[in-house]
């Protein structure tokens, strides 16, 4: 054996780069690869059938009424002889390698339910997977199977995801988590709204935990503990009703380690009740999903609250997403379009890389606002200013090519832009210059102009290829929605612009080479 294979790091690189289908052949090929290859093969499991097949062939059989004879075909499996200690050898050898287990009760309980029952009385160890780190459990309509999950609650478990809890019987599991899984740091619980009234009593494990860093559901008492927890790094809050926070006692640093925050809510008071708690949070990612709006008031309130209260995050925030889940198509709400003054509080964040803002009735911005935005966010990589979804609420954009030039000049890393450009009346001018320096941005590859008509195809392609030589994709929202008449024709002109971009860019590259060659000869 080559000496390099005695170095675990090298073996790890080789096995990590090996295709999953090839790993079973790699494991027995060389002793150096055996353990790491087997670890990768068994690391992630989504059923118990593979482990069931590791046990002796004469242990399991099919019910007499079934014509299938192979274990794990989807039919119910039954025990045909008593289990002896020697039967567990291969099972234990492989089960210790499982790090992630995902189990859907609705899909697998028919063939694994009896196996779970047998494990509860005969398995020689406390848990099936002693080194399990992540458990994803999909509860079914039969609440009588939730007790099986106790065999999977390993002491080293770090992340627990439970979907579709629907009964009080299911919820009885939660208070035991702190003793079953002392190392648990991430908890995601999806339950029916009718069970939320039990949340305070069930989340006692949160109050006794000092290691939790992610939690999906909270009430006011839980939030009181979480906001001072030094290990809470992420939180995903899904609240159709009021989000707690107003009654949290002040004093001390709150959310000292919170870096990722996702909120889905219909509560219009969250900006004033909850966001003030985030003053000291070192947020890096914020994702806010709002409910069906009547106007722009809630969206504007969020912009103001985030900009004014999240002061520590002014220099730490890297990703910001703020959007509504829908809009009222029956409301002629062009006056509800978000203005530049409305989003100006967000300019206090100095380091964002990704900004996605999708108000319910679109934007009504001008070129001066975009210039201010570009100067405020010079490290932007993705800018998504979504437009209104309904034609009745869509405001004609005031953004011209000057807005793109500001972004090109001040945001050199920007690779994707989505904004309501208006190129319907402006005739493109020759390649722009800023003083004696030519404006050119070499990172932009994708541009979405939403519903903007394009009048001069060749002139627009000339300017875009000059300012953004790497641009290759030009989208319009006409790709997903229908327009009629001349507006549709002029919007489709952007596809012609896209086709011209690589041709013009290649011509420029060739001319630059000839110019450089001539200069060298001179």
Checklist (1) more than 19 Å from residue 253 (Cα to Cα); (2) at pLDDT 95 or above; (3) more than 22 Å from the chain's Cα centre (by Cα) applied to residue 307, failing item: (1)
Restricting attention to region 472-486, and to residues there that are over 30 Å from residue 512 (Cβ atoms) and surrounded by 15 or more Cβ atoms within 10 Å (Cβ to Cβ), which single residue is modelled with the lowest pLDDT? 483
Long-range neighbours under 8 Å by Cβ, at least six apart or interchain, first residue at positive phi and touching a residue at least 40 places away in the same chain (Cβ under 8 Å) within region 440-459, second crowded, with 22+ Cβ neighbours inside 10 Å and part of a loop (DSSP other than H, G, I, E, B): 450/387; 450/397; 450/419; 450/420; 450/476
Which is modelled with pLDDT of 85 or more and under 22 Å from residue 85 (Cα atoms), of 123, 101, 116? 123
With respect to residue 258, determine if the residue is at pLDDT 90 or above, within 22 Å of the chain's Cα centre (by Cα) and under 30 Å from residue 194 (Cα atoms). yes
Single unsatisfied condition, residue 270 versus (1) modelled with pLDDT of 90 or more; (2) over 25 Å from residue 376 (Cα atoms): (1)
Please go through region 34-53 and pick out each residue that is surrounded by fewer than 17 Cβ atoms within 10 Å (Cβ to Cβ), within 22 Å of residue 152 (Cβ to Cβ) and either more than 31 Å from the chain's Cα centre (by Cα) or at pLDDT below 80 (or both). 53
Could you grab me the full set of residues in region 147-171 that are assigned to a loop (DSSP other than H, G, I, E, B) and surrounded by 20 or more Cβ atoms within 10 Å (Cβ to Cβ)? 153, 154, 157
Spot the failing condition for residue 325; the list is (1) out of contact with any strand residue (DSSP E or B) (no Cβ under 7 Å at 6 or more places or on another chain); (2) surrounded by fewer than 15 Cβ atoms within 10 Å (Cβ to Cβ); (3) modelled with pLDDT under 85, and only one is missed. (1)
One residue from 419, 373 being under 22 Å from residue 324 (Cα atoms), modelled with pLDDT of 90 or more, crowded, with 18+ Cβ neighbours inside 10 Å and in contact with a strand residue (DSSP E or B) (Cβ under 7 Å, 6 or more places away or on another chain): 419
Against the condition surrounded by fewer than 19 Cβ atoms within 10 Å (Cβ to Cβ), at pLDDT 95 or above and within 20 Å of residue 472 (Cα to Cα), how does residue 384 come out, does it pass? yes
Any pair with Cβ under 9 angstrom, 6 or more apart, that starts in region 357-376 at a residue that is free of Cβ contacts under 8 Å to residues at least 60 places away in the same chain and on the phi > 0 side of the Ramachandran plot and ends at one that is assigned to a helix (DSSP H, G or I) and crowded, with 21+ Cβ neighbours inside 10 Å: 362/336; 362/393
Name the single residue, out of those in region 424-471 being in a strand (DSSP E or B) and surrounded by 14 or more Cβ atoms within 10 Å (Cβ to Cβ), that is modelled with the lowest pLDDT. 454
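The values are calculated or read from the model by the stated rules, or taken from the named source; none is laboratory data. These numbers were taken from a predicted model, which means no experiment stands behind them. Positions of Cβ are generated from backbone atoms using ideal geometry, with glycine treated the same way; all protein chains shown enter the neighbour counts.
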